[in-house]
Amino acid sequence: MTARELVECPVVVGTAGHVDHGKSALIEALTGKNPDRLEVERRRGMTTELGFGELELPGGKIVGLVDVPGHAHYLRAMVQGATGVDVALLVVSAVEGVMPQTREHVRALELLGVTRMVVALTMRDLADDEIATLAELDVEAFLDGTVFAGASIVPVSSKTGEGLDELLTVLDNAVCSCWSEHLEAVVGSGAAPRLPIDRCFSIRGTGTVVTGTLHDGPVSVGDELVALPSQTCCRVRGGGQVHGDTQCAVPGQRVALNLVGDGVAGLKRGEMLGVEGRVGQTLRFLMQLTYVGRDGVRSGVLASGTRMHVMAGTAEVLGRIMLLDDEPPIAVGETRVVQVRLERPLPLRVGDQAVILSYSPVSLLGGGRVLLSHRRRARALSAGERAACAPSTAPRCSTRIPLLRRYAWYARLASVSLPCWTRLVLMRRRFPRWASSFSSIATP
């Protein structure tokens, strides 16, 4: 494989998972580099900011890599980092199994339109065979209710190196299928490029550099771009993929662009780079919203006028959900077309994925696909708007594991050759309300 082919691999792999499940340690074991850039992160042993790198796969491809924080307080950074991810690397500890942020991250990935996942069952060296088997069953049962059902689960240990080669092979296969789809989508699309900025910094002797995952169209050296919403005009002086220089970057790549122009040093995460006249921003848009509710608490309905954080790309704007035609509030698990009114302009295009977070405390509430990026101020849909919304289909986003899947999980657990007390303890820990009713299946 030539160096040119390596440079143009338009696939991004991103981590997801609960805090302290070993995401950064796994990335360091796979790449040889610690993704935690800040001194405070290394001192505390916890990722607080997005980390970026590159991953070389057995087939000779090099793909972009994004490491996200796992703590609940950094959910915003997780959503920003997951924007543009093609293949999710879900990291689950073999000691603890599925945890709250595991569930929240998987739901966020579904709402962002990610459909491919590989599961790394980390800390295998710390768990005996029984605990590792139970953790794998736990992951399978959870993913059965999502678009990631049937995802490959690879037990690994970042400390001993166990399973790392197998994990790279599984990731290589997922990247290959994703790459072919990218090539089909990009060829002949004619769309203008967009780059949601996730990092901006200065290099001595080079100037301002911005990074992000490129969308829709290619960017070349010499292109004139504009950043929204700041309206900063700039020119691409140099850049290409994050791990190499090239004269042209294609959609799907992690890119680093060296920009020149007045005000480029003031750019920050949340800005969107695009071609002037072909990228716009809006204060009002229609979206197909799936309301998933807050995980772990009894969620009420979503009423019209609810204030929340709206995230699209790497941008975050406060806004309100406005229901149409005097519709009743949205129940948990329901999908409906709603109008979103923003307090500041947000760069959007039809087909983008948007995620909504509760105003306070911040937690995942739902998300979905943008149907109309610009809309008049009205509660009722016009005939044209109804026609535009009619062909849309509801996203396959799970809100809860169905009850039958819970029963199936019990049945699979009962079939595993484990001591009776071990099965009962796990049942009570996972589903305490139903454990007493099904305790009889744990008897050999």
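Derivation of every value follows stated rules applied to the coordinates shown; laboratory data play no part. All values reported here derive from a predicted model rather than from experimental measurement. Because the Cβ atoms are built from the backbone with ideal geometry, glycine has one as well, and the counts that use them run over all protein chains shown.
Scaling the Cα radius of gyration of segment 275-344 by the globular reference 2.2 N^0.38 Å produces a ratio of 1.23.
Counting neighbouring beta carbons within 10 Å and listing from fewest to most, the residues 335, 160, 115 come out as 160, 115, 335. Over segment 1-154, one equal point on each Cα, no solvent: what is log10 I(q)/I(0) by the Debye formula at q = 0.10, 0.12 Å⁻¹? The computed values of log10 I(q)/I(0) come out as -0.34, -0.49.
For segment 105-159, count the residues as N, evaluate 2.2 N^0.38 Å, and divide the Cα radius of gyration by that value, please.
Numbers: Rg = 12.2 Å, N = 55, 2.2 N^0.38 = 10.1 Å.
Dividing the Cα Rg of segment 105-159 by 2.2 N^0.38 Å gives 1.21.
Of the residues 295, 138, the one with the fewest other Cβ atoms within 10 Å heads the list, and the complete ranking is 295, 138.
Taking R0 as 56 Å, what FRET efficiency do you get between residue 276 and residue 160 from their Cβ-Cβ distance, rounded to the nearest 0.05?
Numbers: r = 53 Å, r/R0 = 0.95.
Calculated value: 0.60.
Short-range pairs are left out: with C-alpha atoms under 8 Å and at least six residues apart, the relative contact order of segment 58-215 is 20 percent.
How much net charge surrounds residue 38 when only the other residues with a Cβ under 14 Å from the Cβ of residue 38 are counted, with Lys and Arg +1 and Asp and Glu -1? Residues close to residue 38 contribute a combined charge of 0. Counted residue by residue at 0.36 nm each, then reduced by the alpha carbon distance between them, the extension gain from residue 40 to residue 388 reaches 120.4 nm. Between residue 56 and residue 247, the distance separating the two model label sites (each 7 Å from Cα on the Cα→Cβ line) works out to 2.7 nm. Measuring between their Cα centroids, segment 35-92 and segment 122-172 lie 18 Å from each other.
For an R0 of 22 angstrom, estimate the FRET efficiency from the Cβ-Cβ distance between residue 177 and residue 125 and round to the nearest 0.05. Rounded to the nearest 0.05, the efficiency is 0.10.
Nearest 0.05, what FRET efficiency do residue 224 and residue 322 give at R0 = 51 Å with Cβ-Cβ as r?
Working: r = 37 Å, r/R0 = 0.72.
After rounding, the FRET efficiency stands at 0.90.
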